[in-house]
Each structure stands twice: as C-alpha cells, then as structure tokens.
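Colleague: Handing you this structure, nothing more for now.
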Amino acid sequence: MTDRLARQAELAERYLPDDLLERFRDRAAVYDRENRFFDEDLAELAERGYLHLFVPASHGGPGLSLDEVSQLQQRLAGAAPATALAINMHLMCTGVAKAMADRGDHSLDGVLTEAMAGEIFAFGISEPSNDWVMQDSTTAAVPQDDGGYLLRGVKIFTSLSPVWTRLITHGRDDSDPQNPTLIYGFLERDTPGIDVSDRWNVMGMRASQSRATILTDARMKPERVVRRIAPGRVPDLLTFAITSNFQLLIGSVYAGVAHRALELGAAGLRKRRSAKSGTTYAEVPESRTRLADAHLDYLAVPAQLQAYSRDFDELADHGARWPLLLVSARLNAATAARRCAETALMCTSGSGFDDDHELSRLYRDATAGLFHPPSADAARPMFAAALLDD
Ligand SMILES: Cc1cc2nc3c(=O)[nH]c(=O)nc-3n(C[C@H](O)[C@H](O)[C@H](O)COP(=O)(O)OP(=O)(O)OC[C@H]3O[C@@H](n4cnc5c(N)ncnc54)[C@H](O)[C@@H]3O)c2cc1C
C-alpha cells in the first residue's frame with residue numbers, strides 16, 4: 001500500500017469507522033422521515049474531532065488537507081448525505097481560513113481558534129434571485145459609526161440552521177452610490193435581528209435543515225468584518241478560497257452519493273431473479289451494461305476531485321482556469337449522483353422505489369445537486385467563453 005493510501009485508510013478508521021457509518025445510515029432514514037436535524041450524528045462527529053479536521057497544528061488541530069477532507073466527506077456522504085452536506089458548511093469555513101493562512105493571509109485565523117473552542121460555522125450567502133451569488137448581494141449593509149454594519153435581507157438555504165453559532169455572510173453597502181462595496185464578515189448567533197424561518201419541507205437532504213435566515217438590522221461588529229470588495233468579478237483571496245472549498249467539498253458529497261448508489265444497484269441486481277433467464281439479474285447482460293456505464297461515469301468524478309484538491313493544497317496556480325476546473329468537478333459529481341441513483345433504481349426495480357428503501361432517499365438527496373451555484377445553465381457561458389472568446 002502506498003503511503004497515501006495507508007494514510008487515507010488510517011483517517012477513515014480514526015474519524016469514520018464502519019460501525020459509526022452504519023449508525024449514521026440507520027439514523028439518516030429517521031431524520032429524513034421525521035424531517036429533523038441530525039443532532040445525534042453531530043454529537044458523534046464532534047466527539048471524534050471531525051469539526052476540527054482543517055484546523056492546523058498551530059491552533060491545536062490535525063490540519064488535514066483539502067484532498068484528505070474531500071475523501072472523508074465522500075465516505076460520510078455514502079452513509080448520510082444530508083449530514084455530510086450540512087457539516088460541509090462548517091468544514092468549508094475552517095478550510096477557507098486554513099487556505100488563506102497557507103497563502104500568508106491570517107485575517108481569518110480567529111475562525112480556527114473559535115472552531116477549536118466549539119463554535120459551529122455556517123454559510124449564509126445564497127439569497128433569493130441573486131444569481132451573482134458572491135459577486136453581489138441583495139442584503140443591505142448599512143455602515144455604522146464604529147466601523148460595523150447593520151444587515152437587512154434574506155439568506156436562503158442556511159444549512160445547520162438549528163445549531164450554528166457563527167455565520168459567514170455578506171451584504172452590500174450603497175452609502176456611496178459611486179462606490180458600492182460588498183461587506184463580508186461574521187454574525188454571532190445571539191445577535192438581535194436574526195430569525196430562522198420555520199418553513200423547511202423539501203424533497204431531499206432534509207436533515208440539513210437549511211432554513212432561510214432573515215436579517216433585520218442584524219449587527220456585524222467591526223471586528224467581525226473581514227473584507228470590503230467591489231461588486232463584480234474582482235479577484236480576491238477570500239472569494240477564491242470560498243469557491244475552491246465550496247465546489248470541491250460539495251462535489252465530494254455528491255461523489256459519495258454516486259458511489260453508494262452504485263453499491264445499492266449492484267446489490268439489487270444480485271438479489272433480483274429473472275424467471276426468463278433463470279438467473280439473478282446480475283447475470284443479465286443488459287443489466288450489467290447499464291450498471292457498468294454508470295460506474296464508468298462515476299470513476300472520473302473522484303479522480304477529478306482529487307486532482308484539483310491536491311493542486312489547491314500544493315498552491316498550484318491555474319490562474320483564470322481555476323473556476324472552470326472547480327465548477328466542472330462539482331457539476332460532474334452532481335450529475336453522476338443523479339445518473340447513478342437512477343441507474344441503481346432500475347437495478348433494484350420496484351423495491352428501491354419503496355419509500356423505506358435507502359435508494360429512494362438517496363435518489364431524492366441526489367436531486368438537491370441541481371441547485372448549488374452556479375447551476376449548469378449559469379456555468380455554461382464560462383465554459384464556452386474559455387474556448388470561443390478572446
Ligand atoms: C440542500 C441544500 C443546502 C444548501 N445549503 C446552503 C448553505 O448552507 N448556505 C448557502 O448560502 N446556500 C446553500 N444552498 C443554496 C444553494 O447553494 C443555492 O444558492 C440555492 O438553492 C439557490 O436556489 P435558487 O436558484 O432556486 O434560488 P432562487 O430562485 O433565487 O430563490 C428561490 C428560493 O428562495 C426562497 N425564498 C425566496 N424568497 C424568500 C423569502 N423572502 N424568505 C425565505 N425564502 C425565500 C424560495 O422559497 C426558494 O426556495 C443550499 C442548497 C441546497 C439545495
């Protein structure tokens with residue numbers, strides 16, 4: 001076994017041993033059915049130090065690389081996709097702080113200290129009808145005399161809504177109409193003016209409890225402001241670090257879903273018998289071909305995630321190609337998850353369609369991959385322009 005594979009196996013055993021994953025898988029069905037948050041999973045993850053994965057030794061953590069965390073997240077998502085998707089948001093915030101420190105910017109080191117002290121970070125960026133996502137905001141950031149801001153707006157799909165204690169978010173300061181500015185920073189949970197929507201009844205990833213967050217003059221303290229950036233496509237280390245961690249870790253979740261769907265598809269073919277052929281469907285050529293094609297699609301996905309994660313860890317400079325690489329890895333992973341889940345359903349046939357079957361939930365969870373930004377439609381112009389425009 002190579003050093004790398006041995007390390008991967010050791011990390012899997014330390015943070016996500018098989019018996020833990022089995023408990024998560026059993027509970028995922030319950031959380032989904034009852035539409036409730038994954039409290040017990042979170043407690044067990046926290047106890048194992050999973051919330052500190054990215055925190056470097058300088059701050060008392062194990063300092064895992066993005067590649068290593070990506071592999072763990074794939075493993076976790078194979079058992080409990082919604083738990084993995086939601087905990088991603090906390091991991092991403094700490095991963096961003098580590099990535100910035102690795103590049104000499106220590107402005108987010110406080111995130112690492114607070115994560116070690118038990119704070120839980122969430123990601124409050126998405127807003128209704130803001131397809132600029134991080135490059136603009138419909139949330140008003142009204143400057144205060146002390147250098148802080150009052151935030152007024154709605155953030156949609158805030159995963160970890162029942163438990164987060166720190167929210168990375170952004171708003172737009174229009175106090176100088178000639179120079180609008182995006183304000184990035186953190187809100188503390190006990191700040192007045194933060195309300196969590198009581199509505200959450202979605203098709204998949206239900207345990208993530210990604211409820212909307214309503215900000216009514218919620219105060220971002222001056223010491224919690226981390227960036228002031230002009231709107232639009234303005235290069236910045238913070239937004240680059242967020243994009244990299246976001247795309248690759250979200251992609252990791254859907255890669256894990258795709259892999260688990262293939263396992264369930266294979267189990268389905270082995271179990272079902274064909275009266276016509278007198279064998280199980282595992283020996284029926286059409287069924288084997290269908291599963292083989294999905295497997296082929298899947299195998300490119302972890303390879304792509306790994307290549308770009310390692311490049312990111314090694315500070316490789318892909319320049320203007322970075323967004324293409326990162327977004328393609330996440331889109332391909334989400335597409336593979338949906339394709340593998342559909343293929344697996346065809347392999348299990350009617351039993352997988354039963355609401356109590358794991359595949360039924362996995363299929364719904366995979367569907368959430370359609371909605372992470374940028375969507376395929378929003379990303380296509382970027383891929384076309386890279387080849388066609390000067
Ligand atoms: C499972 C899951 C978890 C996610 N987790 C996060 C996360 O942690 N952080 C994050 O920033 N993004 C998160 N996202 C958001 C995601 O990345 C997209 O940005 C989002 O799905 C964009 O959806 P859209 O394009 O359909 O939104 P749009 O079409 O722009 O907006 C429509 C959505 O906004 C809701 N909405 C509109 N107005 C209001 C209002 N006034 N109050 C409440 N809700 C309103 C609608 O119900 C609808 O769901 C998550 C998405 C999913 C599917």
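The values are calculated or read from the model by the stated rules, or taken from the named source; none is laboratory data. In this text, all values refer to a predicted model and were calculated from it rather than measured experimentally. As a convention, Cβ positions derive from the backbone with ideal geometry for all residues, glycine included, and neighbour counts pool all protein chains shown.
Colleague: Taking only segment 236-249 into account, find how many residues are surrounded by fewer than 23 Cβ atoms within 10 Å (Cβ to Cβ) and more than 17 Å from Ser107 (Cα to Cα).
Modeller: Matching residues across segment 236-249 total 1.
Colleague: Looking at Asp198, is it farther than 30 Å from His106 by Cβ and part of a strand (DSSP E or B)?
Modeller: Details: farther than 30 Å from His106 by Cβ: yes; part of a strand (DSSP E or B): no.
Answer is no for this residue.
Colleague: Sticking with this one: What single numbered condition from (1) at pLDDT 95 or above; (2) part of a loop (DSSP other than H, G, I, E, B); (3) under 25 Å from Ile194 (Cα atoms) fails to hold for Pro62?
Modeller: Answer for Pro62: the failing condition is (3).
Colleague: Of the residues Ala99, Ala77, only one is within 16 Å of the ligand (Cβ to nearest atom) and within 17 Å of the chain's Cα centre (by Cα); which? Before you say what the answer is, go through the steps one by one.
Modeller: On the way: Ala99 fails: within 16 Å of the ligand (Cβ to nearest atom).
Just a single option satisfies the conditions, and that option is Ala77.
Colleague: Quick check on my filter: what residues within segment 119-133 are more than 6 Å from the ligand (Cβ to nearest atom), surrounded by fewer than 22 Cβ atoms within 10 Å (Cβ to Cβ) and farther than 15 Å from Phe54 by Cβ?
Modeller: Within segment 119-133, Asn130, Asp131, Trp132, Val133 meet the criteria.
Colleague: Right, here's the next one. Checking the conditions here, which among Arg25, Arg33 is without any contact (Cβ under 8 Å) to a residue 60 or more places away in the chain and not hydroxyl-bearing (Ser, Thr, Tyr)?
Modeller: Working: Arg25 fails: without any contact (Cβ under 8 Å) to a residue 60 or more places away in the chain.
After ruling out the rest, the residue left standing is Arg33.
Colleague: Thr94 versus (1) of a type in the set (S, T, N, Q); (2) more than 16 Å from the ligand (Cβ to nearest atom); (3) touching a His at 6+ places or on another chain (Cβ under 8 Å): which is the lone unmet condition?
Modeller: (2)
Colleague: Next question. I need a count of the residues in segment 356-380 that are in a helix (DSSP H, G or I) and within 16 Å of the ligand (Cβ to nearest atom). I'd like the intermediate steps shown before the answer.
Modeller: The initial filter retains those residues of segment 356-380 that are in a helix (DSSP H, G or I), namely 358-371, 376-380.
So of that shortlist, the ones also within 16 Å of the ligand (Cβ to nearest atom) come out as 361-371, 376-380.
The number of residues fulfilling the criteria is 16.
Colleague: Does Tyr184 count as within 13 Å of the ligand (Cβ to nearest atom), crowded, with 21+ Cβ neighbours inside 10 Å and among the aromatic types (Phe, Trp, Tyr)? Don't jump to the end; show me each part of the working.
Modeller: Details: within 13 Å of the ligand (Cβ to nearest atom): yes; crowded, with 21+ Cβ neighbours inside 10 Å: yes; among the aromatic types (Phe, Trp, Tyr): yes.
For Tyr184, the condition - within 13 Å of the ligand (Cβ to nearest atom), crowded, with 21+ Cβ neighbours inside 10 Å and among the aromatic types (Phe, Trp, Tyr) - is met.
Colleague: Do the conditions hold for Ala344, that is, is it more than 22 Å from the chain's Cα centre (by Cα), touching a residue at least 40 places away in the same chain (Cβ under 8 Å) and over 28 Å from Arg290 (Cα atoms)? Step through it out loud before you land on a result.
Modeller: Numbers: more than 22 Å from the chain's Cα centre (by Cα): yes; touching a residue at least 40 places away in the same chain (Cβ under 8 Å): yes; over 28 Å from Arg290 (Cα atoms): no.
No: the conditions fail for Ala344.
Colleague: Could you say whether any residue in segment 346-355 is acidic (Asp, Glu), within 14 Å of the ligand (Cβ to nearest atom) and touching a helix residue (DSSP H, G or I) at 6+ places or on another chain (Cβ under 7 Å)?
Modeller: Among the residues of segment 346-355, not one is acidic (Asp, Glu), within 14 Å of the ligand (Cβ to nearest atom) and touching a helix residue (DSSP H, G or I) at 6+ places or on another chain (Cβ under 7 Å), which makes the answer no.
Colleague: Go over the candidates Gly352, Gly369 one by one and state the one that is modelled with pLDDT under 95 and either in contact with a His (Cβ under 9 Å, 6 or more places away or on another chain) or buried (at least 19 other Cβ atoms within 10 Å of the Cβ) (or both).
Modeller: Details: Gly369 fails: modelled with pLDDT under 95.
Checking each option against the conditions leaves just Gly352.
Colleague: Something else about it: List pairs: first residue in segment 294-310 and not assigned by TED's automatic domain parsing to the domain that holds Ala329, second residue of a type in the set (S, T, N, Q) anywhere in the structure, Cβ distance under 8 angstrom, at least six positions apart or on different chains.
Modeller: Every condition considered, no pair remains.
Colleague: Can you tell me how many residues within segment 121-140 are within 18 Å of Asp195 (Cβ to Cβ) and over 20 Å from the mean Cα position of the chain (by Cα)?
Modeller: Just the residues of segment 121-140 that are within 18 Å of Asp195 (Cβ to Cβ), to begin with: 122-128, 138-140.
With the extra rule that they be over 20 Å from the mean Cα position of the chain (by Cα), the set shrinks to 138-140.
Result for segment 121-140: 3.
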